[in-house]
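Visitor: Once you've had a glance at the structure underneath, I'll fire off some questions.
The values are calculated or read from the model by the stated rules, or taken from the named source; none is laboratory data. Treat the numbers as computed from the prediction; the structure is a model and nothing was measured. Cβ placement follows ideal geometry from the backbone for every residue including glycine, while neighbour counts extend to all protein chains displayed. Keep in mind that these areas ignore ligands, DNA and RNA; they rest on the heavy atoms of the full protein, side chains included. Shrake-Rupley method; radii C 1.70, N 1.55, O 1.52, S 1.80 Å.
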Amino acid sequence: MESISRLMPFISKHGRRTACLTAGLATEMKLDHETVMLIVLAALFHDIGKVSVPEDILNKPGALSGSEMEIVKKHVVDGYHMLQKDIPEDAAEMVLYHHENVDGSGYLGLKGSGIPMGARIIRVCDVYDALVSQRPYKTPWSRKKTISYMRANAGKLFDETCVDSFCNVLERIS
């Protein structure tokens, strides 16, 4: 627990919101309590590797160049290495794979069921929170637009079961 405590200052508001959403989604999907807790832990720290990304890239108001995007993509590997000794391996792998798309077009190229379920859950919740939140490079999307985007990309970018279950969670909390 001491090793996790030293990482707490690196948890962003986005990480906290993503963790709350993942708790709801993983519970909706009827995963066992231990698995839910591992997913929530991974969600809290899913972007910790961004500490290695220069601030000017993270806060850039416009689109990233190809080389800048390659730097950002490394945050999943950097995060995995930062967490590997401090959290369970399953949770660290969720951090590593949280930018994978079910069609294989993600950062590292995993596809479908080859992506850990926890990473697929974090992916949905991470993207939802990123889209409905203000970012330096975009204004927040409406909840309706975000849900429409996620449903349109279920089976491509997102696990279909995760999207369906996530929409059930959102209906209950609105």
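Visitor: So for the stretch 54-73 (the condition being of a type outside the set (Ser, Thr, Tyr), over 20 Å from LEU110 (Cα atoms), at pLDDT 95 or above and not in a helix (DSSP H, G or I)), does at least one residue qualify?
Guide: yes
Visitor: Based on this model, can you work out whether ASN153 counts as more than 17 Å from ARG17 (Cβ to Cβ) and open to solvent by 20 Å² or more (accessible area, probe 1.4 Å)?
Guide: The answer is yes for ASN153.
Visitor: Enumerate the pairs (first residue in the stretch 149-173 and aromatic (Phe, Trp, Tyr); second residue anywhere and part of a loop (DSSP other than H, G, I, E, B) and surrounded by 19 or more Cβ atoms within 10 Å (Cβ to Cβ)) with beta-carbon separation below 8 Å, excluding pairs fewer than 6 apart on the same chain, so at least 6 apart or on different chains.
Guide: PHE158/ASN101; PHE158/VAL102
Visitor: Considering (1) open to solvent by 30 Å² or more (accessible area, probe 1.4 Å); (2) charged (D, E, K, R); (3) part of a helix (DSSP H, G or I), say which one LYS85 fails and leave the rest.
Guide: All conditions are met except number (3).
Visitor: Would you please list the contacts, defined by Cβ atoms under 7 Å and residues six or more apart or on different chains, that run from a residue in the stretch 107-129 that is more than 23 Å from ARG16 (Cα to Cα) to a residue that is of a type in the set (Phe, Trp, Tyr) and open to solvent by 20 Å² or more (accessible area, probe 1.4 Å)?
Guide: Cβ pairs passing all conditions: LEU108/TYR97; LEU110/TYR97.
Visitor: Does the stretch 47-56 include one or more residues that are aliphatic (A, V, I, L, M), surrounded by fewer than 17 Cβ atoms within 10 Å (Cβ to Cβ) and in contact (Cβ under 8 Å) with a residue 40 or more places away in the chain?
Guide: Yes, there is a match, as at least one residue in the stretch 47-56 is aliphatic (A, V, I, L, M), surrounded by fewer than 17 Cβ atoms within 10 Å (Cβ to Cβ) and in contact (Cβ under 8 Å) with a residue 40 or more places away in the chain.
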